[in-house]
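The values are calculated or read from the model by the stated rules, or taken from the named source; none is laboratory data. Predicted model only: the values in this text are computed from it and were never measured. Reconstructed Cβ throughout: ideal geometry from the backbone, glycine too, with neighbour counts over all protein chains shown. Please note that ligands, DNA and RNA were not included when accessible areas were found on the heavy atoms of the full protein model with its side chains. Shrake-Rupley method; radii C 1.70, N 1.55, O 1.52, S 1.80 Å.
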Amino acid sequence: MKEMENRTFSEVVSEIIASTDELASISKNSETENEMFTELALVLEKIPPIFNDLRDYDKIVDTPTIRKAVESLEKEIKRAKCSIKVHNQKVKHVESIAHDLGRSLGLVLFATVEVSTQFKTKIGELHKELMNMKFDENCSPTSTSSRTTEFICDLRVEEIEEERTSVKACDIALHLKYGNDDEFKLAVAGLKDLIQNKNVDDGWLNEEGIVSILLNRLGSNKSVNRPLIIQVLRYLVWNNPASKEMMADVGPLSTLVKSLAGDEEERREVVGLLLELCDFVNVRRRLGRIQGCIVMLVSILKGDDQIASYDARKLLNVLSGNTQNVLYMAEAGYFKPMVQHLIEGSDMNKILMATGLSRMEHTEQSKASLGEEGVIEPLVQMFRTEKLEAKLSALSALQSLSGLKENVQRLISSGIVVSLLQLLFSVTSVLMTLREPAAAILAKISESESILTNYDVALQMLSLLNLSSPIIQNHLLQALNNIAANPSALEVRKKMVESGAIQLLFPFLMEDNTKVKSGALKLLYTLSKDAPEELEESHISLILNIISSTDCKSERVFAVGILSNVPVTQKKITDLLRKANLVPILISIMNSSSANSDIFASLSSESVAGLLVRFTNPFDRKLQLHSVEQGVIPLLVKLLSSESPVAQSKAAISLAQLSQNSLSLSKSRTSRWLCVPPSKDSICEVHGRQCLTKRTFCLVKADAIRPMIEILEGKESEVDEAVLSALTTLLEDEICDNGSNYVVKMSGVEAILKVLGSGHIDAQQKALWILERIFRIEEHRVKYGETAWSILVDLSQKGDSSLKSTIAKLLVRLELFQFQHSEYL
C-alpha cells in the first residue's frame, strides 16, 4: 500500500496501460476462442492510446479525486484479468466484465471535468461502448451433455455475478466506513447504483450498518454531498422496509431534521424523506417534539422552492393530526390547521386551540393572517355556546386578536357587540370571569367608526361604570374615550352629556386607581369641549387640586385641558384660578414637558396655551401684569415654536392681547420722572419709547416677531390669522410707519404676500389690512409693488368677492391700477 501511495500519477497511468494491454492479450488468447472475447479485446485496445494522452496533463490532473478514479479503474482491470484467467466463462460473465470496466471509466470521466474536451469525448465514447456490450453466444459444448453444460455455465455465471457484487459491496462498505471525503462520495454513488439495480439485501445493510453510517456522516459537520446521502436514504426507504424502520427512531429523525436548515437541494430531499417516514404513527408523534422541526417546515412552506414547499405542506398536514403540532405550527406562523380545528374539531380541541391562540404573542402580521384565514367567526360561535370554558377561551383569543383594525371590523360584522353588552349586564356569578375580556374587546371595537351608528352602545357603557370592578371600569372608560374622541361623534357626545355623563364621571376623580382616574379625566376633557357650561365651581376646585397634587403626567395634562375648555367670559372661574396661583404651575408643567415629544407634551402645550388666553385678557391689565410678572411672555414666545398648530395659535392670540396695551404702557423717551435718561437699547423701534417686556408687554423686546414670521412662511395656515392679528398691533395709527419699517426689516412682507396668495379668507383680510398700511410708504411700494401687484390681481379674479374693494384700494395705492380697474374686477 505504501508503494502505491508513493507512485507518481504518470506511473499509475503506465500501470493502467500495461494492465490493459495484458487484459486485451488474455482476451484474444482465451482457451475458448469466441467472437465476444475478440470484440472485448478490440475495445480494450482503445484504452492505452487515450490514457497515453493523459500523461500530457500530469500536473493538471493529479488531484485526489482523479487519482482515486484512475486507481479504481486500475483495480477493475486487474480484477477482470484474474476473472478471465480463472473462470474463462462466457456471455454474462464477459458482459459483466465490460460493464464494470465501463463504470470505472465513467468515474474517470466524472472526475476529469477540467481536462481537454477531446480526452473527455474519447473516454465518454469508450464508456458507452463498454456499457452497451451484449453477447448472444451460447456456452461452448464440453464432453458432458449440452443440458448439463448449460446448467453448469449458468450456475458459474451466477456465482461470478454474486461474487462481483459481493466484492463491490464490500468495497463500498469499507469506503463508507473508513474512506476520506472523495472515497466516501464515490462509495455513496456506488451504493446508489447498487440499490437502483436491486443488488443489496437487508442482511448486508444490517450487517454493515449502512443506514447508521450514512446518518452519522450526515450528522457530522464535515459531511460532503449531503443531498446525495439523503437521496440514498430515500432509495433505501423505498426498497428496504427494515431501513425505513431504523430511520423512524428519535436519533435518526433528529439528524434528518437538522438538514431542514441546509441548502435548497438538501431541504428538498429531506422533506421528501420525512414525508415518506410519516407513514409511521410514531414518526408523526416524534417529529413534532424535535426542536425546530415545525418552525423550519413552515419556513420551507413559505419559501420559493415549489417542490419543497408542496412536500412541506403535505407533511405539515399529516402532522396536524396532533393538536400540539398544530399549536407549534401556529406559533411559527402557519394558521390554517388551527382554523380547521376550530371549525371542525371536537369541543375539547376547539378549547385547546383557542387557549393556545390567546397565549401566543401576536404581531400585526400574525393577527392579519389569522383574520384572513377566517378565525374570527368560529371563535365568536364558541363564545355563543353554553359551555363556560369554551366562552372564556374564545373571548381570550378574540381579545388577543382585536388589536387589528380589520379584525375589529370582522368582530362588528359578526354581531358580537350586543352579546358582549348583555354579558356585562349579567349578574350570573359563573359569568363574572368573562366580563373582563368582554370589556377589553369592547374597548378595541370602540376604535371603529362603525360603532357610532348605535348611540345606545355608549350610553349602556356609561350606565355600567358604577356596576363594575376597576379593571372593567378602565376598559369601559377606554371604550367611551375612543367613541367620544372620534371627530364624527358629536351627536354621541351630546347624548352622553344629556344623560348626565359629566356629573357621573366626577366621583371617579377621587378614585385611588390611577388608570380609572386618568380615563375619567380624559373623558371629561373631551365632553367639556362641547359642554363647558356643565362644569361647576366645585368641579373646578377638584380639578385644581389634582393639578397641584398629582405626580401622574396624564392626570395633570387632562386636568389642565378641562380648565382650558372653560369659557374666558366666566370671571368667577378666572378669579378662582388666579387665587390658586395657577400660572406658575402652568409654567412649571411646560418646562418639565419641553424635553418630551409624545402626545401628552403636545396636548399639554395646547391646554396651557389655551389657559393663558384667559390670563392675558386685554381688558384686565392687572391680570396681564400678574401673568407677565410670573414669566408668561417667554413661555408664549416658546410656544410659537411648538409642534402643535393649536398651541401656536393660542400663544399668538395671547401675545396679541398683551401687545394691544403696549403702546399705552410704554414710557416717554425723555421721561420727566427719570433723573437719568433711558439708554438707547431700551428705546423700542416701533413704539419709539422706552419698552421693557415685563412692564410694556412689547413684542419687539420679547423677540416674538421672528418666530411669528416663520409661522407665516411655513405650512400651518390655520395659525396665520392669529399671527397676523398680533402683527396688526404694531401698525396702529400712532406707530404705523415704525411698525411698517420693522415688519419690512424682519422680512415680513414676503411671508404676508404668501398668506395673501394661499391663505384662508380671514387671514387674507388681515394680510390686506397690513399691506395697505405698509404700502403707504413709497420705498416699500417700489420694493414690493410688482410682486404684490400680480398676487393682488390674481386674488381679485379668483378670491372671495368680499376682498375686492380692499384689493382695489391697494392697487390704486401701488399706482398700477389706473385704467385696468374694469378689466381686472
**Item:** Among residues of segment 486-502, those that are over 35 Å from the mean Cα position of the chain (by Cα) and open to solvent by less than 50 Å² (accessible area, probe 1.4 Å), counted
**Value:** 7
**Request:** Could you check, for segment 788-795, whether at least one of its residues is part of a helix (DSSP H, G or I), assigned by the TED database to the domain that holds V723 and open to solvent by 80 Å² or more (accessible area, probe 1.4 Å)?
**Result:** no
**Request:** Report yes if L352 is in a helix (DSSP H, G or I) and open to solvent by less than 30 Å² (accessible area, probe 1.4 Å), otherwise no.
**Result:** no
**Request:** Filter segment 53-71 for residues that are open to solvent by 20 Å² or more (accessible area, probe 1.4 Å) and at pLDDT 80 or above and give the result.
**Result:** E71
**Message:** I need the full set of residues from segment 687-730 which are in contact with a Gly (Cβ under 7 Å, 6 or more places away or on another chain) and surrounded by fewer than 21 Cβ atoms within 10 Å (Cβ to Cβ), in order please.
**Reply:** I709, S717
**Prompt:** Which residues, counting only those in segment 540-558, are open to solvent by less than 30 Å² (accessible area, probe 1.4 Å), at pLDDT 90 or above and farther than 18 Å from L504 by Cβ?
**Reply:** L544, I547, E555, V557
**Request:** Kindly list the number of the only condition in (1) aliphatic (A, V, I, L, M); (2) over 26 Å from the mean Cα position of the chain (by Cα); (3) open to solvent by less than 30 Å² (accessible area, probe 1.4 Å) that fails for L297.
**Result:** (2)
**Message:** Name the single residue that is least open to solvent (accessible area, probe 1.4 Å) among those in segment 201-239 being within 23 Å of L275 (Cβ to Cβ) and part of a loop (DSSP other than H, G, I, E, B).
**Reply:** S223
**Fill in**
In segment 175-222, residues that are in contact with an Asp or Glu (Cβ under 9 Å, 6 or more places away or on another chain) and of a type in the set (G, A, S) total 2
**Request:** Examine segment 263-282 for a residue that is open to solvent by less than 70 Å² (accessible area, probe 1.4 Å), among the aromatic types (F, W, Y) and either touching a residue at least 40 places away in the same chain (Cβ under 8 Å) or outside any loop (DSSP other than H, G, I, E, B) (or both), and state whether such a residue exists.
**Result:** no
**Request:** Six or more apart or on different chains, Cβ under 8 Å: which pairs go from a residue in segment 491-511 that's more than 20 Å from V560 (Cβ to Cβ) to one that's of a type in the set (V, I, T)? Could you list them?
**Result:** V492/I483; R493/T526
**Request:** Select from segment 520-539 the residues that are under 21 Å from E491 (Cα atoms), part of a helix (DSSP H, G or I), open to solvent by less than 40 Å² (accessible area, probe 1.4 Å) and not polar (S, T, N, Q) and list them in ascending order.
**Result:** A520, L521, L523, L524, Y525, L527, P532
**Item:** Search result, residues across segment 445-485 that are more than 19 Å from V418 (Cβ to Cβ) and open to solvent by 20 Å² or more (accessible area, probe 1.4 Å)
**Value:** N466, S469, P470, I471, N474, Q478, A485
**Asked** Does A368 meet the test of being farther than 20 Å from T428 by Cβ, surrounded by fewer than 19 Cβ atoms within 10 Å (Cβ to Cβ) and among the hydrophobic types (A, V, I, L, M, F, W, C)?
**Response** yes
**Message:** Could you tell me how many of the residues in segment 491-519 are outside any loop (DSSP other than H, G, I, E, B) and under 21 Å from I451 (Cα atoms)?
**Reply:** 10
**Message:** I'd like the residue in segment 614-653 that is acidic (D, E) and not in a helix (DSSP H, G or I) and, out of all such residues, is least open to solvent (accessible area, probe 1.4 Å).
**Reply:** D620
**Asked** For segment 180-200, how many residues meet the condition of being over 14 Å from Y235 (Cβ atoms), open to solvent by 40 Å² or more (accessible area, probe 1.4 Å) and either not in a helix (DSSP H, G or I) or not aliphatic (A, V, I, L, M) (or both)?
**Response** 4
**Request:** Kindly state which helices (runs of 4 or more DSSP H) lie completely within segment 287-342 and contain at least 3 residues that are acidic (D, E) and over 18 Å from G262 (Cβ atoms).
**Result:** none
**Message:** Taking the criterion of being open to solvent by less than 20 Å² (accessible area, probe 1.4 Å) and free of Cβ contacts under 8 Å to residues at least 24 places away in the same chain, would at least one residue in segment 328-339 satisfy it?
**Reply:** yes
**Prompt:** Under the condition of being among the charged types (D, E, K, R) and buried (at least 19 other Cβ atoms within 10 Å of the Cβ), which residue from segment 377-434 is farthest from the chain's Cα centre (by Cα)?
**Reply:** K391
